[in-house]
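Heads up, the thing below is written out as structure tokens.
The values are calculated or read from the model by the stated rules, or taken from the named source; none is laboratory data. Keep in mind that what you see is a predicted model, and the values were worked out from it rather than measured. Cβ placement follows ideal geometry from the backbone for every residue including glycine, while neighbour counts extend to all protein chains displayed. Ligands, DNA and RNA are excluded from the accessible area calculation, which covers all protein heavy atoms including side chains. Shrake-Rupley method; radii C 1.70, N 1.55, O 1.52, S 1.80 Å.
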Amino acid sequence: MILNKSIRRTTISVFVAFILAVAITFGGWDWAIASPLVSPQEEMGAWETIPMPSPENRMQSVHTIVLPNGKVMSLNGSSFRNTLVKNENGENTFIEGVPAGDDKVINNTSLFDPKTKQFERIASPPALLYGESNDLFCTGHLQLADGNILFISGTGRYYPGGRFTGSKQVNLYNWQTDKWSAVGQIKDGRWYPTLVSLADGKIAIFSGLKFQAPNQINPGLEIYDPKTQKILQYIDLTEVENSPFNTYLKELDAYDSIDLYPRVFPTRDGRLLITGDEAGIANVLVQNKSKKSYLMSIHEDAGSKFTVSFEVGPERYETSKAYGTAVQVPNSEDVLLLGGMIGTNDINFGRGGNTSSYPKGTKVSSSLQRWVSPKPDGEKNGKWEIIEQFLDKPRANVQAVILPDKEILVLNGGEYPEYKPIYEPLLMTPNSKAPGGYSTKPMNPAKLPRLYHNGAVLLPDATVLTIGGNANRVAREKDGTVHVDIGRDAKNNFQLAYLTDKSGQAKEFNLEEYYKDPQSYFTKGDPEPFVPAEIWQAEIFSPPYLFKPGARPEIVEAPSNIKYEKSGTISVKDATQNGSLVLVGLGAVTHSFDYGQRLVELRIKVKSLGDKSEIDFEAPTNRNLYPPGYYMMFYLNDVGKPSHAQMVKLEAA
């Protein structure tokens, strides 16, 4: 929990005394008095552990989505689970996967209210639609212009050997009525798809696994129209010149592809940058050694018929990476790729520290690659830069959260995808003189490990919610009993883990004890603490800017709707002469990538300063980078301390 006021004062006093003593020793009294003193929280932020939900509300959060009312949807469908049964000898038998068509299995959706810090289970859509699976595990999702959430596909069926198919379902969640509706089907399955908002509010849908072909990529692009609630067209990209599926990689003697959950971003001129990074899984026949990136244009004629064209973009410095993260630079069209696995899509890479069975060169990266957008000198498709040792540690299943002050918080994940969790976030601060355009600084560590399927989103109070995490596949009995104390062995693959304390003495797993002390359980031969298969408790990180001195500014009045290229006015308490105003897109994160977040800084003019300052602003002009929909509006004062957000809807005039 965040320290109470008395403890905080004591801690700060001790810290201040220590710093003062050091300053006097090395710099003398004059230097010590002149040097500003900074609190530990202002340097490294602070964590709050959210109370554990009641048993009926406990669930993993594979998909984490911020709604226009400020609440956060957590959804996992059938999640990452196996079925546990007893054989005739009373021994545990694990059946890979769970029945995706069972309502009791997939009914795992909740809303988190940041104001009350409570989770409330809500209804999930029915497990069967049109006689087929409607499991939203590994779906694609994105907020539409009206704030409702579009869900595309999900799990069609679990197959042995870590193979999956995708469903054809299209679901819609209405954030105002808390109701689900089915809005038809797509042409084929799309397990692990990517959704991208276009300038007019339509949604482009990429990739995913097919409906009846386990682990086979869907090579088509589909366009969804929120106005008609229909898929307008399917375009087979294997028939389009210069698409990845038609780009021959001579050095590999193979054609390229668009892998699962591809990291795709809009550019200023309306093209879509396909970066090459993704969140693929093992045993999918895709090219994971490509260095290509692509720029795709979507064309719509007067009859609403779509065509697409591709340009092969600049080459990256590293081959395609799985389970790294990607983010569009705040107030820019540049793109960053951070961390991720090189040389394999296998989520088991490095489990227990074992990497010997993988090809030479397979690793988890600590790099930053930056796509520098086209320059006025005619460099049409931009270029890639790389800082090979940018992160403090190699990180997989990492998240990158854009903060209102344009900093980026890198957090969660591990040195391997499901092993050796990293607890310390890394704060990236814009710095034009630093490699990659950012300087970095470690933050205070979190309490809980968050590996595969973790989530992190910016909240309206400018804090960051972090949630979920899989270290393994959970075991679910047919009566609904869930076991998170799961391990692996060479013979049975999955097992109920034999756990010990740090000294090696046998210790039965107790959920309450684990959350009291997450470092208290171990498995034989492993120096790293045991991590349960699912993490059910959330945490909130308060970034350093919330501890900066002085009053926190607050937006007193703001329009609920703003129009492109139009001006507006807000009223702010405790504004300053050199403040700033930004819009931040609502988070929609899964599998180490947030499909909704982006930041634009608005041009402002201070009309008057006082108890209730009046500030004029100009709305965004570029609909490609900042599509219609709901945004969080933050005002920041001259030292970068943000207000609470006002939710505003950006729309056409």
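Some notes on this structure:
- Pairs exceeding 24 Å between alpha-carbon atoms, taken from 179/227; 321/516; 104/507; 605/649; 605/641: 321/516; 104/507.
- Solvent-accessible surface of the range 313-372, taken per residue with a 1.4 Å probe and all protein chains present: 29 Å².
- Approximate spin-label separation residue 113-residue 85, in nm, with each point projected 7 Å along Cα-to-Cβ: 4.2 nm
- With a cut-off of 11 Å on the backbone N, the residues of the range 136-169 near the modelled label site 7 Å out from residue 130 along Cα-Cβ are 153, 167-169.
- Fully extending the segment from residue 95 to residue 120, taken as 0.36 nm per residue of separation minus the present Cα-Cα distance, adds 6.0 nm.
- Potential lengthening between residue 179 and residue 305 on full extension [0.36 nm per residue; Cα-Cα distance subtracted]: 42.2 nm
- Reported to the nearest whole Å, the Cα centre-to-centre distance from the range 534-610 to the range 322-379 is 29.
- The three principal axes of the Cα atoms in the range 249-294 give end-to-end lengths of 34, 24, 11 Å, sorted in falling order.
- Separation of the residue 477 and residue 268 label points, Cα + 7 Å toward Cβ, nm: 6.1 nm
- Put the Cα centre of the range 380-447 next to the Cα centre of the range 515-530 and the gap is 26 Å.
- Computed over the chain: relative contact order in percent, which uses C-alpha pairs under 8 Å that are six or more apart: 12 percent
- 18 Å cut-off, amide nitrogen to a point 7 angstrom out along residue 103 Cα→Cβ, residues in the range 125-161: 125-137
- Summing Lys and Arg as +1 and Asp and Glu as -1 over all other residues whose Cβ lies under 12 Å from the Cβ of residue 219 gives a net charge of -3.
- Per-residue extension of 0.36 nm, minus the Cα-Cα distance of residue 187 and residue 557, leaves a gain of 128.6 nm for this segment.
- Summarising the strand pairing of the range 185-338, around 95 percent of its internal DSSP beta bridges are antiparallel.
- Approximate spin-label separation residue 362-residue 513, in nm, with each point projected 7 Å along Cα-to-Cβ: 3.6 nm
- Tail beyond 14 Å, pair distance distribution of the range 206-273 (Cα, percent): 70 percent
- For the chain, the convex hull spanned by the alpha carbon atoms encloses 180 Å³ per residue.
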